[in-house]
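The values are calculated or read from the model by the stated rules, or taken from the named source; none is laboratory data. Since the structure is predicted, the reported quantities are computational estimates derived from the model, not experimental observations. Using ideal geometry, Cβ is built from the backbone for each residue, glycine included, and neighbour counts are taken over all protein chains shown. The protein model used for the area step is the full one, side chains on, heavy atoms only, and it has no ligands, DNA or RNA in it. Shrake-Rupley method; radii C 1.70, N 1.55, O 1.52, S 1.80 Å.
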There are 2 protein chains.
Amino acid sequence: MSVPTTTTGVSTRSGPAAATDFERGVLNFSAGPAVLPESVLRQARHDLWDIAGTGIGILEHSHRGPVFDRVIEEAEADCRRLAGIGDDFAVLFLQGGASLQFAMIPANFLADGATAEYAITGVWAKKAAEAAALYGSVHVPFDGKGSGYDHTPARSEMTTAPAAAYFHYCSNNTIYGTRWQAPPVSDHPLVADTSSEMFSRRYDFARHAIIYAGAQKNLGPAGVTLVIIRRDLLDRAVRKLPPMLSYAVHAKDGSRHNTPPTFGIYLMGLVFRWIEAQGGLDAVERRNEEKAAVLYRAIDESGGFYRGVARPDCRSTMNVTFRTPSPALDDRFADEAAKHGMDGLKGHRSAGGLRASIYNAFPASGCATLAQFMRAFAAANG
Amino acid sequence: MSVPTTTTGVSTRSGPAAATDFERGVLNFSAGPAVLPESVLRQARHDLWDIAGTGIGILEHSHRGPVFDRVIEEAEADCRRLAGIGDDFAVLFLQGGASLQFAMIPANFLADGATAEYAITGVWAKKAAEAAALYGSVHVPFDGKGSGYDHTPARSEMTTAPAAAYFHYCSNNTIYGTRWQAPPVSDHPLVADTSSEMFSRRYDFARHAIIYAGAQKNLGPAGVTLVIIRRDLLDRAVRKLPPMLSYAVHAKDGSRHNTPPTFGIYLMGLVFRWIEAQGGLDAVERRNEEKAAVLYRAIDESGGFYRGVARPDCRSTMNVTFRTPSPALDDRFADEAAKHGMDGLKGHRSAGGLRASIYNAFPASGCATLAQFMRAFAAANG
């Protein structure tokens, strides 16, 4: 395997990546941390030793030096271009994953006695609501528990609070494999946890007040969180907070209030470039739909052997969830698939069943391989 | 350059590293993120593509899978061995750097109306005290501002509060190049920010209630924070907190309440192994003393051309701070040194002057090179 060499400037650019970027053979269906583009890994292997001909690796450069200046500036610019957002938003690279955002959002914007809306479409959405309840009142417009979190709600299914600081939802539910086909309609500012589908499709990012995503599913390594926040919110914090929990501080200091997770930001920047090299969000979305359709077809055409967890109109293109006729067969499926080089197909421990996470970097050929395996397994065990 | 291949098990073991681990030529004096052992980088380059023969890279493995199970278990075990601590302490790998610890410590342990002691020996110690003041009262036993933060206090210089939840100090002050030669004596539980010197010397870790260190100086990449905390403190939180700010939650969930910074933990584990391969803390400490002595000698024998910032009895072995006769000459020094392959010698923007950060992974030969340059520069400009 050849490691590409950087010839000029700071090498946050990955080379043009083939759509068949898939050398290692093992199919990694992990829900996150998850598969990354191999061209990104190649570039990272190079830059770990020496980035941009400096004789110093990306892990070892000061977060205030010229090399990292360019890394973070380019990552931010590329993110803005992909998201289609301008200077009315701040783009922040933070730590603590979506889980710290669960606390930071209400800490900053939900005053004592005020109400925020939290649509509960799965475990993570519920955790966000629980963290908010420590700071103010939570109104739940929809709770999918009764229907096994098999769908995201239509507007008619939701109640609404007369006044709310914001409406929080999880755009793609990793565990159940459901998604909101479009942002919900609400009279209140929209706040979205997009961790498991960020930049997997065109989306109306600019309609939101805050969008956030832990990187480790579709954007990069664990340990960096992308936060896109409307600037006019920054000076509206409802309580005094330590600097590390204040969006205003992070925005003022350009995500460098303290030492940021430099490698995570660097790698996220490489992934942004890779998405552009793939043809941008339109091309990535089309490919993701095709990939998911291959698996959903294998479910729907199995004569009932496989049952999809998500209601068909709410199916995710990132996490395809399904069950065989029994938990014992689910286990056998995962074990046999692993023997065929397909890793990480067991469902989340809270939901059971099977789950194929097929993020942007997951190769289309891998979906075909799994679909073929599904058909053979059903024939042998049906 | 050959990339070592893992033959068995999970490759968190770096190969035996030569003390002269220094191939790249550029001398990286950055205060952090900072130089890492080259053998660690070699192993990471390998494992980024494929760790332990799994066909999946370290960035892409689930944080709940068997590979990462071993990575985090080994990192914790190695940390315990280096620190000489047992099961009465929890070892946590968190996010947010020392700066988030500045908030988490008082949020967990400083009740409204209660007092904590904060010795202010520099900018970071002061920031810790400021964050604490959001939660309770802060008593300052010592403030080094009047003496330009040139030393850490003797016991006789400190006032004491009759009752305090804890005594917080920063064991090594990166910006000023001072350190506490030994942990302070206090009637209150000791809490230490050891970010810029963790595992650079033997230290009485077990005498502390909490020790924490952002990794990016002496332990690994930015984005992971090592926290060693006495277990009996875990159930003594003084207020209800969101899970991500609760030490009890992180301890109960083994640093995996949410997705942890898997790569940072992996790399920190490699660095722990590297320290052991160097002969452990005794050997590392001896080498660090020798390295620092080379530079302090160049300062002290310059006939007054260089002035050390730190009082000699409080000198750090990690950050050697000094000034030439003028700020203009400081700049020229840094510029000329850079031309000779010595990077990152400018002092912190808040302090000016010059600073050579020579963490564990910085080669001894680099200190000799800098000392030689210092003598030549003084001769040419004195």
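Brief remarks follow.
- One residue stands out in region B:313-330 among those that are loosely packed, with under 15 Cβ neighbours inside 10 Å and in contact (Cβ under 8 Å) with a residue 12 or more places away in the chain: the one that is farthest from residue B:174 (Cα to Cα), namely B:325.
- Some residue of region A:224-238 being of a type outside the set (A, V, I, L, M, F, W, C) and either surrounded by 21 or more Cβ atoms within 10 Å (Cβ to Cβ) or closer than 29 Å to residue B:264 by Cα (or both): yes
Rundown of residues vs (1) touching an Asp or Glu at 6+ places or on another chain (Cβ under 6 Å); (2) of a type outside the set (Gly, Ala, Ser), yes/no style:
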residue: B:132; (1), (2): no, no
residue: B:149; (1), (2): no, yes
residue: B:155; (1), (2): no, yes
residue: B:158; (1), (2): no, yes
residue: B:175; (1), (2): no, yes
residue: B:180; (1), (2): no, yes
residue: B:195; (1), (2): no, no
residue: B:198; (1), (2): no, yes
residue: B:201; (1), (2): yes, yes
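- The sole residue among A:243, A:183, A:260 that is more than 13 Å from every other protein chain (Cβ to nearest Cβ) and touching a His at 6+ places or on another chain (Cβ under 8 Å) is A:183.
- Residue check for residue A:165: more than 30 Å from residue A:345 (Cα to Cα) and crowded, with 24+ Cβ neighbours inside 10 Å: yes
- Note on region A:111-139: among residues that are in contact with a Ser or Thr (Cβ under 8 Å, 6 or more places away or on another chain), assigned to a loop (DSSP other than H, G, I, E, B) and not polar (S, T, N, Q), the one that is farthest from the other protein chains (Cβ to nearest Cβ) is A:119.
- Selected residue [open to solvent by 10 Å² or more (accessible area, probe 1.4 Å), more than 10 Å from chain B (Cβ to nearest Cβ), basic (Lys, Arg) and assigned to a helix (DSSP H, G or I)] from A:42, A:80: A:80
- Candidates A:31, A:75, A:52 - the one that is of a type in the set (Gly, Ala, Ser), part of a helix (DSSP H, G or I) and either open to solvent by 10 Å² or more (accessible area, probe 1.4 Å) or within 30 Å of residue B:27 (Cα to Cα) (or both): A:75
- Test for residue A:25: is it surrounded by fewer than 17 Cβ atoms within 10 Å (Cβ to Cβ), out of contact with any Ser or Thr (no Cβ under 6 Å at 6 or more places or on another chain), at the interface with chain B (Cβ under 8 Å from one of its Cβ atoms) and at pLDDT below 95: yes
- Candidates are the residues of region B:334-382 that are polar (S, T, N, Q) and either farther than 22 Å from residue B:148 by Cβ or modelled with pLDDT of 95 or more (or both); the one that is surrounded by the most Cβ atoms within 10 Å (Cβ to Cβ) is B:360.
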